[in-house]
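The next block holds one structure in the form of structure tokens; read it before the comments.
All of the numbers you see were taken from the coordinates with simple rules; none came from a lab. This structure is a prediction, so every number in the text was calculated from the model and none was measured. Every residue, glycine as well, gets a Cβ built from its backbone with ideal geometry; the counts of neighbours run over all protein chains shown.
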Amino acid sequence: MTPAKLSIVICSYNQAPFLARAIESVVGQQDCRRDEVEIIVIDGGSTDGSAEIIRSYADRLDYWVSEPDRGQSHALNKGFGRATGDIQGWLCSDDVLEPRAARTVLDYFRRNPGVRCFYGDAWLIDEDDRIVKPKKEIPFSWFIWRYDYNYLPQPSTFWTRDLFEQVGGVDENLSVSMDGDLWARFAELTEIKHERVYLSRMRLHQDQKTQRLLRESVETQNRITARYGVRHDRVLQRKTGFLLAKAMRVGWKAATGCYR
């Protein structure tokens, strides 16, 4: 299969200060034809003017809606249910794609027809789009992922439509860490690949969901990793695994130039 279209779902709720930048980063993708990038925006019925922002881009979107939903995971499944592309990814409305991300992703899957999921690197930016630091990553390691943390940059991760459908989509019971849960279910079925290329910019700000719900995120990630053999009730075993995974991750990143 030669990938012909990338579907990007932008999920949003009351993120008007950043929403236009997210949409612009997708509609402005360079070196792609209009029919190669499908743009779907799912807003959860925002009350901060987000609907008006989305409406101003309506002629450049393939589908959009602003209505109450059951949370981010439900919104994502709604969006992917509308998607027709053979390659998929999602963008939270406070993040942005790199200008040639779509071209890079489509070309990668075309060159590697056996790959079903891959991720690149990301930049961390502040509220004013200034770069804070790079997030260069290492290849996927089950051990490091389970015992250290979910280090795959979500907006820089892409997959095939058939893989998403095979695992049953995003778990709508999760309000946080739904990306980590999805990667884990992908990894049960296929090898997740990594490429040293910047594909997105992840925004750091005081209202960031992962920071506001940090405790819930940690608890959810712990439940996910417990499915794959991590015994959180055995403190010494868990700490030993964490220290080993952290040492492996830091050493691997240092050896491959991730800190430069």
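When the Cα convex hull of the chain is projected onto planes of every orientation, the mean area is 13.5 nm².
Placing R0 at 35 angstrom, the Cβ-Cβ distance between E219 and E191 gives a FRET efficiency of 0.80 after rounding to 0.05. Residue by residue, region 187-199 carries 3J(HN,Hα) couplings of 5, 5, 10, 8, 7, 8, 9, 10, 10, 7, 8, 7, 10 Hz when phi is fed to the Karplus relation 6.51 cos²θ - 1.76 cosθ + 1.60 (θ = phi - 60°); x denotes Gly or Pro.
For the options V170, V235, V197, a Gaussian network treatment of the chain with springs between C-alpha atoms closer than 10 Å singles out V235 as fluctuating the most. Computed from label points 7 Å out along Cα-Cβ, the spacing between F143 and E24 is 4.6 nm.
By average Cβ neighbour count within 10 Å, what is the ranking of 252-258, 179-185, 138-144, 157-163 from highest down? Display every interim value, and only then the final one.
On the way: 252-258: 13.1, 179-185: 21.9, 138-144: 16.3, 157-163: 20.0.
Going from most to least packed, we get 179-185, 157-163, 138-144, 252-258.
Between rounded, prolate and oblate, where does region 55-202 land on the alpha carbon gyration tensor, with a ≥ b ≥ c its root eigenvalues, rounded for a/c under 1.5, else prolate if a/b exceeds b/c? Rounded, since a/c falls under 1.5. Under 5 Å from the amide H of Y198 lie the amide H atoms of D121, each residue being 5 or more positions distant or on a separate chain, with H modelled from the backbone and absent for Pro and chain starts.
Placing a label point 7 Å from the Cα of S175 along the Cα-to-Cβ line, the residues of region 64-82 whose backbone N sits under 12 Å from it are 70-73.
Each Cα pair under 8 Å and six or more residues apart adds its sequence gap; the mean of these over the residue count of the chain is a relative contact order of 22 percent.
Under the rule a/c < 1.5 gives rounded, and otherwise a/b versus b/c splits prolate from oblate, where does region 144-260 land using the Cα gyration tensor? Each step should come with its number before you reach the end.
Numbers: a/c = 1.25, a/b = 1.06, b/c = 1.18.
Rounded.
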